[in-house]
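What follows is a short report on a single structure.
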Amino acid sequence: AKKEYGIDLLDEVPLNYYDGIIIAVSHKNFKDMGIENIRSFGKSKHVIYDLKYLFPADQVDKRL
């Protein structure tokens with residue numbers, strides 16, 4: 001990713017860190033992780049956008 005896009009990948013995703021989380025691909029890993037584990041990466045007030053309808057509408061904040 002660094003060579004192609006100029007970005008560094010994280011070895012670990014910090015908990016309680018993000019204002020917004022975007023689910024842009026419907027990887028099985030995300031589904032298996034579960035929405036509560038994904039929410040743990042967000043700050044106490046955060047938004048989850050589920051662009052791929054991976055989770056039920058009542059479990060996420062926004063969808064396209």
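Just a few scattered comments:
- Filter result for residue 29 (of a type in the set (S, T, N, Q), exposed (fewer than 10 other Cβ atoms within 10 Å of the Cβ) and at negative phi): yes
- Condition check for residue 49: free of Cβ contacts under 8 Å to residues at least 60 places away in the same chain, at positive phi and outside any helix (DSSP H, G or I): no
- Here residue 54 qualifies as part of a loop (DSSP other than H, G, I, E, B), in contact with a strand residue (DSSP E or B) (Cβ under 7 Å, 6 or more places away or on another chain) and without any contact (Cβ under 8 Å) to a residue 40 or more places away in the chain.
- Applying the set (1) assigned to a loop (DSSP other than H, G, I, E, B); (2) modelled with pLDDT under 95 to residue 3 leaves exactly one unmet item: (1).
- Of the residues examined, residue 18 is one that is modelled with pLDDT of 95 or more and in contact with a Gly (Cβ under 8 Å, 6 or more places away or on another chain).
- Scan of region 8-42 for residues that are assigned to a loop (DSSP other than H, G, I, E, B) and among the acidic types (Asp, Glu), ordered by number: 8, 11, 12
The values are calculated or read from the model by the stated rules, or taken from the named source; none is laboratory data. Keep in mind it's a predicted model, so treat the numbers as computed, not measured. Cβ sites come from the backbone with ideal geometry, for glycine too, and all protein chains shown count toward neighbours.
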